[in-house]
Structures are given as C-alpha cells and as structure tokens.
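*Asks:* First, the structure itself, so that you have it in front of you.
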2 protein chains.
Amino acid sequence: MILDSETKAVELPDDHGTELRLWLRLLTCTTLIEGEVRSRLREKFDVTLPRFDLMAQLDKVSDGMTLSDLSKRMMVSNGNVTGLVERLVESGHLDRRTSETDRRVQFIRLTKLGRAEFRKMAAEHEKWIADIFGDLSPKDIRELMRLLAKAKGSAQRSAKARSA
Amino acid sequence: MILDSETKAVELPDDHGTELRLWLRLLTCTTLIEGEVRSRLREKFDVTLPRFDLMAQLDKVSDGMTLSDLSKRMMVSNGNVTGLVERLVESGHLDRRTSETDRRVQFIRLTKLGRAEFRKMAAEHEKWIADIFGDLSPKDIRELMRLLAKAKGSAQRSAKARSA
DNA sequence: TGCAATTTCTTTAAACTTCAAGCAATTGGC
DNA sequence: GCCAATTGCTTGAAGTTTAAAGAAATTGCA
C-alpha cells in the first residue's frame, strides 16, 4: 500500500487498472444480457435484436421518424439503418413515405402489423429484463442508474474532448 | 401514486419499467464507450475492435489457447473466431499449431510481431479507458464494480433457469 | 472392441455493421 | 439568383456476427 504525506492511500500516477477492469466488467455484463435477449427473441418470436431495437424506437412515436433520427437514437451508422429499414419494409412491418417539404427525407413508421407484433414482443421482453435483473433490489437499481448516468456523462465528455 | 397499508409507495405488481430503463441505460453506456474505443483503435492503430479483443485474450497467456477457449472467453460463436484467427494469421499477428495429442485442437499464439503491436495498443487503450471513466471517483468505481457483479450473477441465474 | 455421443473446428448463408464515397436536395451566405 | 457547404440518404467493399449443418477426431461405455 502506498501512502501520501497525509497518510491517505493513493494510486500510482498511471495505474489505470481499476478503470480497465470496470470497463471489462461492464462489457461482459452487457454482452451476456444482450446474448440472452437475442436468443429469446429468436426463439420465441423469430426476430433479430436489431429489428426489435429499430421497432422499439418507432413504437415511441406515432407519426414516424426519419432515417437520421433512427441512426442517431440507435447509435449506429446511416447505412446500417438503410438496410434494416429496407428489410422491415419488405416484411410488411414498416412503412416509408417521402417528406413533402424536403425530398431527401423519408418518414418511417410502423405499420399496423408492425406495431401489433412489436407490442406483443415488447411485453414479453420487459418481463425477461425484469427477471434478468431480478436479484437486484430497488436500491441497487437506483444506484446503478445513478452511476451509469455518471459514467455516460464522463464518456461523453471524453469523446467530445477528443473530437474537438 | 399508490400507497400500501403502511403508507409507503409501492410498485404495481408487474411494473417492470425500472429494470427496463436500467437495461437501456446499461446498453447505451456500453455502446457509447465501445464506439469511442472502436474509433480510436481505427484512427490510431488502424485495427478493428474484434481483432484487438482477440489479441487481448491471447496476451494474457504465454503458451497459447485453443479456438474454443477463445470463443468462450470472447462470448462469440466458434465460426466467428475461425474467421478472425484466419485473418490475423494472414497478417502475421498470430501463429497456429495443431495439438500433438488431439488433432482436432489448434493452439493459437501471438507472434512476436503480434505481441509487440498489441502491447503498444494496449498501453494507449488503458489510458483511453482511464480518461473515459475519469469523472468517476474511486468509490464510484468500487460501487459500480460491485453492482455490475451482482447484475452479472443475476443474469447468469436467469439464463441458466431458462435453458434448464 | 465397437460405436454412439461428444468435442473441436470449419463452412455456409444470411444478416448486420462500419466506413468511405457519392448522389440529390436544401440551406446559407453573398 | 448563385454557388459552396451542409444534410439526408444510398451504395459498395470489407469485415464481423450468428445460427445451423457438417467433417474430423476423440471419448466413454456397453
């Protein structure tokens, strides 16, 4: 143990091991849960996770969303969304129509079928998530929410500093 | 607001909203950081995240690892690892040799080049992560570690129960 | 021993993903 | 109005990923 002049424990200047371990744990945890959700979606509804995620974004709004909005909210590339939407229009879950005022813009909406199917899946999905986090107390959840918000803020600060 | 007989706020029996919000926040946080790490790896070292992750697994051991070990540790499919290893052998970062006692098994190792390049990247990577989590106090980190461990355990319990 | 089950790895098809380049439309000076 | 910059979206190439099926080798048990 290393102590400073006032006899408090201090870190070595470049020991960044704890942050790295935190990141690996965060990643493991997310990957584990994501894999579980992916399996269940495929098994029960024969749907992929990206499609579910995209429909989840659209379910939040009634009047549709542009491709750019979707890619920002899903934090994936534009080209990615183009392909996903294409396949979901093909399967009858989505509906696209071009903006009247800006012919570059496409508004994407859930069709009646798409919304109905999504709602069924979402109800199950919510139960799965509740079970997956079932061992956490309400207090644990509040603390995690708080600390993750702080981590997110920190990551955004770091990303912004780099790109500046 | 719903109150129980002792006048404390209670949740509706199947309100699983808090767990869902927790999951979304966890996912957002991880996606954000992962994207940032991916960008920096590409920008500074022209390497993809999956390749970095694979080399990170191999760097932990001196005598190599089988493809199955790799796929378990990375939590990805077997076929996925086959392709990644193939490309990394091609580029001279990895080395494969067949087990003498079991001809199905391939031991994969970092080459001298591979290890040298990885070490350089890893040192930078560790600093990036430290910066990304820079706003968190040591106590925040400890708490997050603890709660994520609990979440992981809970998720594993849930996954196991389903597959049983 | 014999052979069914298991394990290790590869292959295949389809989907997902990013990045970079490019096209079309709009916007914002001037 | 003109035109450079920006915005919204698509395309193409390369790579990653999964799920499923299959090949090869080993194991275990009757």
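The values are calculated or read from the model by the stated rules, or taken from the named source; none is laboratory data. Quantities reported herein were computed from a predicted structural model and do not represent experimental measurements. Glycine gets a Cβ as well: all are built from the backbone with ideal geometry, and neighbour counts include every protein chain shown. All accessible areas refer to the heavy atoms of the entire protein, side chains included, with ligands and DNA or RNA removed. Shrake-Rupley method; radii C 1.70, N 1.55, O 1.52, S 1.80 Å.
*Asks:* Roll a 1.4 Å probe over the protein chains and send me the accessible area per residue for the protein assembly as shown in Å².
*Replies:* I get 58 Å² per residue for this part.
*Asks:* Let me ask something else about it. For every helix of n ≥ 4 consecutive DSSP H residues, a contribution of -39,500 (n - 2.57) applies; sum these over chain B, divide by its total residues, and give [θ] at 222 nm rounded to the nearest 500 deg cm²/dmol.
*Replies:* -22500 deg cm²/dmol
*Asks:* Sort largest first and round to whole Å: the equivalent ellipsoid semi-axes of chain A, each the square root of five times a Cα gyration tensor eigenvalue.
*Replies:* With the √(5λ) rule applied to chain A, the semi-axes are 39, 22, 13 Å.
*Asks:* Measure nothing but the geometry: give the 0 to 90° angle between the long axis through the Cα atoms of B:78-90 and the longest principal axis through the Cα atoms of chain B, rounded to 10°.
*Replies:* So the helix axis and the longest Cα principal axis differ by about 40 degrees.
*Asks:* Further question: Considering the convex hull of the alpha carbon atoms of the protein assembly as shown, report its projected area averaged over all viewing directions, in nm², one decimal.
*Replies:* Values: hull surface 97.8 nm².
Taking a quarter of the hull surface, the average projection is 24.4 nm².
*Asks:* What is the list of residues in the stretch B:14-39 whose amide nitrogen lies under 15 Å from a point 7 angstrom out from the Cα of B:A56, following Cα to Cβ?
*Replies:* What the label zone holds, given the 15 Å backbone N cut-off, is B:30-39.
*Asks:* Amide H neighbours of A:D95 under 5 Å, counting only residues 5+ apart in sequence or on other chains, H built in-plane at 1.01 Å?
*Replies:* Under 5 Å from the amide H of A:D95: A:R109, A:T111.
*Asks:* On a 1.4 Å probe surface of the protein chains, which of B:M55, B:M74 comes out largest in accessible area, and what is the full order? Could you put the intermediate results ahead of the total?
*Replies:* On the way: B:M55 0, B:M74 35 Å².
The ordering from most to least exposed comes out as B:M74, B:M55.
*Asks:* Another question, then. Using Cα atoms only, what is the angle between the long axis of helix B:112-132 and the major principal axis of chain B, expressed in degrees (0 to 90) to the nearest 10?
*Replies:* Its long axis makes an angle of about 20 degrees.
*Asks:* In the stretch A:31-74, what residues drop by 20 Å² or more in accessible surface going from the chain by itself to the full protein assembly, probe 1.4 Å?
*Replies:* Listed in order, they are A:T31, A:L32, A:I33, A:E34, A:E36, A:R40, A:E43.
*Asks:* Checking an interface number: how much accessible area is buried between B and A, summed over both chains, with a 1.4 Å probe, in Å² rounded to 100?
*Replies:* Answer for the B-A pair: about 5900 Å² buried.
*Asks:* If B:D95, B:D63 are ordered by their accessible area, calculated over protein heavy atoms with a 1.4 Å probe, which sequence runs from highest to lowest?
*Replies:* Values: B:D95 50, B:D63 100 Å².
The ordering from most to least exposed comes out as B:D63, B:D95.
*Asks:* Moving on to the next point. Accessible area of the protein assembly as shown with a 1.4 Å probe: how many percent of it is carbon plus sulfur? Display every interim value, and only then the final one.
*Replies:* Details: 9480 of 19150 Å².
So the carbon and sulfur contribution to the accessible surface is 50 percent.
*Asks:* Just to be sure I understand the model, the point goes 7 Å from the Cα along the line to the Cβ. What's the resulting A:R162 to A:N78 distance in nm?
*Replies:* Taking the two extended label points, one gets 2.2 nm.
*Asks:* Report the relative contact order of chain B, percent, no decimals, based on alpha-carbon pairs under 8 angstrom and at least 6 residues apart. The partial results should precede the final answer.
*Replies:* Values: 108 pairs, mean separation 27.2, N = 164.
Once divided by the residue count of chain B, the mean separation gives 17 percent.
*Asks:* From the cross-link list A:K44/A:K139; A:K72/A:K120; A:K160/B:K150; A:K72/B:K112; A:K150/B:K44; A:K120/A:K150, which pairs have alpha carbons spaced over 29 Å apart? Spell out each step's value before the answer.
*Replies:* Numbers: A:K44/A:K139 32 Å; A:K72/A:K120 25 Å; A:K160/B:K150 31 Å; A:K72/B:K112 41 Å; A:K150/B:K44 27 Å; A:K120/A:K150 33 Å.
Over 29 Å apart, Cα to Cα: A:K44/A:K139; A:K160/B:K150; A:K72/B:K112; A:K120/A:K150.
*Asks:* Spelling out what I want: for every residue of the stretch A:51-59, take phi, set θ = phi - 60°, compute 6.51 cos²θ - 1.76 cosθ + 1.60 (Karplus), and round to whole Hz; glycine and proline get x.
*Replies:* Per-residue couplings from phi come out as 5, 4, 4, 5, 5, 4, 5, 6, 5 Hz.
*Asks:* Counting only residues 5 or more places away or on other chains, whose amide H sits under 5 Å from the amide H of A:Q106 once H atoms are built in the peptide plane?
*Replies:* The answer is A:L67, A:S99.
*Asks:* Here is a follow-up. Starting from the Cα of B:F107, step 7 Å along the direction of its Cβ; do the same at B:D15; then give the gap between the two resulting points in nm.
*Replies:* According to this spin-label approximation, the distance is 5.9 nm.
*Asks:* Could you run the Karplus curve 6.51 cos²θ - 1.76 cosθ + 1.60 with θ = phi - 60° over the stretch A:32-48 and give me ³J(HN,Hα) per residue in whole Hz, x for Gly and Pro?
*Replies:* 4, 5, 4, x, 5, 5, 4, 4, 5, 4, 5, 5, 8, 10, 6, 10, 8
*Asks:* How much accessible surface area, in Å² rounded to 10, belongs to the heavy atoms of B:E126 with a 1.4 Å probe?
*Replies:* Estimated to the nearest 10 Å², B:E126 gives 60 Å².
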